[in-house]
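The values are calculated or read from the model by the stated rules, or taken from the named source; none is laboratory data. Predicted model only: the values in this text are computed from it and were never measured. Positions of Cβ are generated from backbone atoms using ideal geometry, with glycine treated the same way; all protein chains shown enter the neighbour counts.
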Ligand code: NAD
Ligand code: IPM
Ligand code: MN
C-alpha cells in the first residue's frame, strides 16, 4: 500500500518530515513515496501539480500533504503554488474537508481566550471544498470601460450542498447531534439556496438538531461561547476563514489537522487527503521552529480513516497529548519568554511518548 507524501513549500517540508517520522514508527509496513507540489514543483517541473505527482496520488491509498505557497510567486501572471491543493481537491472531487477543533489538555493558557471557555472544547468544521467562490466562473481581471476590474463567481448547485450536508449530519449523529449551518442568507442568493437545501436534507436526520447562523454571528460566537458548537457546516470561503479562527481557540494555527474526502471508498478504508490547515508560514520557514502537531495529528487521521487502523491513530494522538502534558512546547505555544523546543526536538519527544 502506497502513501503519497507531498511536503510542498516552507514549513510544509519541516512539519511533513516530522509527521512522516511518527507515521513510519506506527506503520513501517507502508510504501511512502514523495511527490513534488507547489512552488517546489514549479521550480522542478514548471507546474504546481505535475503529471508525475498526480499519477502517484492516483495509485496511493491516501495523501499526506504539507502546505503550498511562496511569496516569490505573488507577481501578476505568475503560476500559483496554491493551484496544487486546489487542483488535488478538484481532481479527486475531495469535497468534504473535516477540521476537528479539540482542546489538548494543558494548552488552555496558550489561547488568547480565558481558559474556562475552552476546557471541553470539541467541535468540527465541515467545509465544502470543491465549489463556491473558489471555482465559480467567470473568475478574472478585466477592463470595465477602461477601469480595472475583477470578478469571482460564487456558485452552488443543489447536489453539491446536499452531499456536504449529509456528511455533517452523519458526523453529528456520532457526536453530540447538533449541526450549526453557517451562511449569509440575509445577503447572498447562494446562501438562500444553501439554507433551503440543508433544511430539506435534515428531513432524513431528525435525531440531529439543526440550527442556522449567519457567518458574522458565527465568527462572534466562536469567540464568545465556542463550547456551544458541535458540528459547523459551511461553504468553502466561510469555512476557510472560520477554521483559522477556530484553530486559535486551541492556542495555535499549528495545532489543527484536517482530512478531506470525496465519494471514493475502498473496502479497506477511504481515499483521502490529510493536511494541517495552516500555510507555509514564510515568516518562520527554514528556522526549524514550526509546530508539527497539526501535521502529526493529520497522520493520525490518515491511519483512522484511510487505513482503518484505529490503534495507530490513537497511539499517535495519545503520544501528542502526553508530550504536551509533559510540558514540551514549540515557540508558538510557549508563554512569553518561556523555553521552547524546535520542530525536531518536539518530534523527538513525541517519538519518545509513542
Ligand atoms: P500561514 O498559515 O502560513 O501563517 C499564518 C501565521 O501562523 C504565521 O505567523 C505563521 O508563522 C503562523 N503559523 C502557521 N503555522 C504554524 C506552525 N505550524 N507553527 C508555528 N506557527 C505557525 O498563513 P499566511 O502567512 O497567510 O500564508 C502563507 C502562504 O501559505 C501563502 O502563500 C498561502 O497561500 C499559503 N497557504 C497554504 C495552505 C495550504 O497549502 N493548505 C493553507 C494556508 C495558506
Ligand atoms: C486552506 C488554505 C487554502 C484554501 C489555500 C492555500 C488555497 O488556506 O486549506 O485553508 O483557501 O483552501
Ligand atoms: Mn485556509
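Only residues that are out of contact with any helix residue (DSSP H, G or I) (no Cβ under 6 Å at 6 or more places or on another chain), under 24 Å from residue 293 (Cβ atoms) and either at pLDDT below 95 or surrounded by 24 or more Cβ atoms within 10 Å (Cβ to Cβ) (or both) were counted in region 65-81, giving 1. So which residues in region 219-247 are crowded, with 20+ Cβ neighbours inside 10 Å, more than 19 Å from residue 96 (Cα to Cα) and within 16 Å of ligand 3 (Cβ to nearest atom)? 222 - this is the single residue of region 219-247 that is crowded, with 20+ Cβ neighbours inside 10 Å, more than 19 Å from residue 96 (Cα to Cα) and within 16 Å of ligand 3 (Cβ to nearest atom). How many of the residues making up region 258-296 are in contact with a helix residue (DSSP H, G or I) (Cβ under 7 Å, 6 or more places away or on another chain) and within 13 Å of ligand 3 (Cβ to nearest atom)? Going through region 258-296 one residue at a time, the tally reaches 9.
When the criteria are applied in full, residue 270 fails the requirement of being more than 26 Å from residue 134 (Cβ to Cβ), surrounded by fewer than 23 Cβ atoms within 10 Å (Cβ to Cβ) and either within 15 Å of ligand 2 (Cβ to nearest atom) or more than 14 Å from the chain's Cα centre (by Cα) (or both).
Conditions tested, residue by residue: (1) surrounded by 14 or more Cβ atoms within 10 Å (Cβ to Cβ); (2) part of a helix (DSSP H, G or I).
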site: 120; (1), (2): no, no
site: 127; (1), (2): yes, no
site: 139; (1), (2): no, no
site: 149; (1), (2): no, no
site: 164; (1), (2): yes, yes
site: 171; (1), (2): yes, yes
site: 186; (1), (2): no, no
site: 192; (1), (2): yes, yes
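The sole residue among 327, 352 that is modelled with pLDDT of 95 or more and part of a loop (DSSP other than H, G, I, E, B) is 327. Out of everything in region 109-118 that is in contact (Cβ under 8 Å) with a residue 24 or more places away in the chain and farther than 20 Å from residue 215 by Cβ, what residue ends up being surrounded by the fewest Cβ atoms within 10 Å (Cβ to Cβ)? The selected residue is 112.
Exactly one residue out of 68, 15 is within 16 Å of ligand 3 (Cβ to nearest atom) and over 24 Å from residue 345 (Cβ atoms): that is 68.
Could you list, in sequence order, all residues of region 251-267 that are touching a residue at least 60 places away in the same chain (Cβ under 8 Å), surrounded by fewer than 24 Cβ atoms within 10 Å (Cβ to Cβ) and part of a loop (DSSP other than H, G, I, E, B)? Passing the criteria: only 252. Only one residue in 215, 198 is more than 16 Å from ligand 2 (Cβ to nearest atom), touching a strand residue (DSSP E or B) at 6+ places or on another chain (Cβ under 6 Å) and in contact (Cβ under 8 Å) with a residue 24 or more places away in the chain, so which one is that? Result: 198 is the single residue among 215, 198 that is more than 16 Å from ligand 2 (Cβ to nearest atom), touching a strand residue (DSSP E or B) at 6+ places or on another chain (Cβ under 6 Å) and in contact (Cβ under 8 Å) with a residue 24 or more places away in the chain. Residues of region 286-296 include none that is under 19 Å from residue 171 (Cα atoms) and within 12 Å of ligand 1 (Cβ to nearest atom). Hey, any hits in region 269-278 for a residue that's in contact with a strand residue (DSSP E or B) (Cβ under 9 Å, 6 or more places away or on another chain) and part of a helix (DSSP H, G or I)? Taking every residue of region 269-278 in turn, none turns out to be in contact with a strand residue (DSSP E or B) (Cβ under 9 Å, 6 or more places away or on another chain) and part of a helix (DSSP H, G or I). Among residues that are in a strand (DSSP E or B), within 17 Å of residue 273 (Cα to Cα) and within 16 Å of ligand 3 (Cβ to nearest atom), residue 85 is not included. Residue count for region 95-133, restricted to those that are under 11 Å from the mean Cα position of the chain (by Cα) and closer than 20 Å to residue 323 by Cβ: 2. From the list 60, 47, the lone residue that is touching a helix residue (DSSP H, G or I) at 6+ places or on another chain (Cβ under 8 Å) and either within 16 Å of ligand 3 (Cβ to nearest atom) or part of a loop (DSSP other than H, G, I, E, B) (or both) is 47.
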